[in-house]
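Undergrad: This is the structure, below, for whatever I ask next.
The values are calculated or read from the model by the stated rules, or taken from the named source; none is laboratory data. It should be emphasised that the depicted structure is a prediction, and the values quoted were computed from it without experimental measurement. Note that each Cβ is placed from the backbone with ideal geometry, even for glycine, and that neighbours are counted across all protein chains shown. To get the accessible areas, we keep the full protein, side chains included, count just its heavy atoms, and leave off ligands, DNA and RNA. Shrake-Rupley method; radii C 1.70, N 1.55, O 1.52, S 1.80 Å.
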Amino acid sequence: DEFKNIRWYYTQYDIDKKYKDYPGIYIGENKKEKWLIFNFSYYSSDWLFIEKAILKSDTDMITLYPVGNVLRDVLHGGEIKEVFESNVTNDINKIKKIVNSESFKIRLEGTDYYEDFDFSSDELMKNNINSIINKYNELKK
């Protein structure tokens with residue numbers, strides 16, 4: 001973002017994201033700092049009004065809260081989209097441990113309802129998140 005003097009790092013997967021209801025992670029960098037943002041784009045015919053995301057493995061769990069407002073939009077055909085983003089810079093090791101576990105699940109909790117997702121066998125998603133975390137660690141050196 002040349003106006004805010006911020007550089008963004010995504011995987012090609014995140015740029016070409018064709019999957020719905022899928023997590024991702026990206027890096028922001030300016031002259032002073034670098035940060036990691038976990039994001040999840042939720043698509044449905046019903047609103048969740050997401051308030052938090054819970055990432056869970058067999059042994060660990062972390063609750064994430066949004067940075068700013070959750071983006072909400074009505075798409076064609078009555079489909080809706082909610083985009084949740086949370087700064088996970090201080091939780092990088094725990095995020096990596098959860099993502100790389102045999103059991104990796106995410107719960108999006110809304111005001112009245114929740115939706116669960118199981119990514120335990122999704123190696124593509126795990127590889128993409130790991131590649132961004134590795135890039136972040138390289139940049140921090």
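Undergrad: Output yes when any residue across the stretch 98-121 is among the aromatic types (F, W, Y) and open to solvent by 80 Å² or more (accessible area, probe 1.4 Å), and no when none is.
TA: Yes, some residue in the stretch 98-121 is among the aromatic types (F, W, Y) and open to solvent by 80 Å² or more (accessible area, probe 1.4 Å).
Undergrad: Whether any residue in the stretch 129-140 is open to solvent by less than 60 Å² (accessible area, probe 1.4 Å) and either among the charged types (D, E, K, R) or closer than 13 Å to K56 by Cα (or both) is what I want to check. Spell out the reasoning first.
TA: Of the residues in the stretch 129-140, the ones open to solvent by less than 60 Å² (accessible area, probe 1.4 Å) are 129-133, 136, 139.
Keeping just the survivors that are either among the charged types (D, E, K, R) or closer than 13 Å to K56 by Cα (or both) gives none.
No, the stretch 129-140 contains no residue that is open to solvent by less than 60 Å² (accessible area, probe 1.4 Å) and either among the charged types (D, E, K, R) or closer than 13 Å to K56 by Cα (or both).
Undergrad: Could you tell me which numbered condition G78 fails, if it satisfies all but one of (1) touching a strand residue (DSSP E or B) at 6+ places or on another chain (Cβ under 8 Å); (2) open to solvent by less than 80 Å² (accessible area, probe 1.4 Å)?
TA: Going through (1) touching a strand residue (DSSP E or B) at 6+ places or on another chain (Cβ under 8 Å); (2) open to solvent by less than 80 Å² (accessible area, probe 1.4 Å) one by one, G78 breaks only (1).
Undergrad: Let me ask you something else. Of the conditions (1) in contact with a Ser or Thr (Cβ under 9 Å, 6 or more places away or on another chain); (2) farther than 19 Å from D122 by Cβ; (3) basic (K, R), K56 clears all except one; give me its number.
TA: (2)
Undergrad: Shifting gears a bit: How many residues are aliphatic (A, V, I, L, M), out of contact with any Phe, Trp or Tyr (no Cβ under 9 Å at 6 or more places or on another chain) and either open to solvent by less than 40 Å² (accessible area, probe 1.4 Å) or at pLDDT below 95 (or both) when one looks only at the stretch 55-66?
TA: Of the residues in the stretch 55-66, 1 are aliphatic (A, V, I, L, M), out of contact with any Phe, Trp or Tyr (no Cβ under 9 Å at 6 or more places or on another chain) and either open to solvent by less than 40 Å² (accessible area, probe 1.4 Å) or at pLDDT below 95 (or both).
Undergrad: Limited to the stretch 89-115, what total is found for residues that are in contact with a helix residue (DSSP H, G or I) (Cβ under 8 Å, 6 or more places away or on another chain) and either among the charged types (D, E, K, R) or in a strand (DSSP E or B) (or both)?
TA: Result for the stretch 89-115: 1.
Undergrad: Next up: Can you tell me which of (1) at pLDDT below 95; (2) more than 14 Å from the chain's Cα centre (by Cα); (3) among the polar types (S, T, N, Q) is the one N90 doesn't meet?
TA: Just one mismatch for N90, condition (1).
Undergrad: List the number of the failed condition for N128; all other conditions in (1) in contact with a Gly (Cβ under 8 Å, 6 or more places away or on another chain); (2) of a type outside the set (S, T, Y); (3) assigned to a strand (DSSP E or B) hold.
TA: Here N128 meets the rest and fails (3).
Undergrad: Among the residues of the stretch 22-36 satisfying the criterion of being modelled with pLDDT under 95 and buried (at least 17 other Cβ atoms within 10 Å of the Cβ), which is farthest from the chain's Cα centre (by Cα)?
TA: G28
Undergrad: Looking at the stretch 28-51, I want the residues that are among the small types (G, A, S) and have a partner that is buried (at least 17 other Cβ atoms within 10 Å of the Cβ) with Cβ atoms under 7 Å, at least 6 apart or on another chain. Which pairs are those?
TA: Correct list of pairs: G28/I37; S41/Y22.
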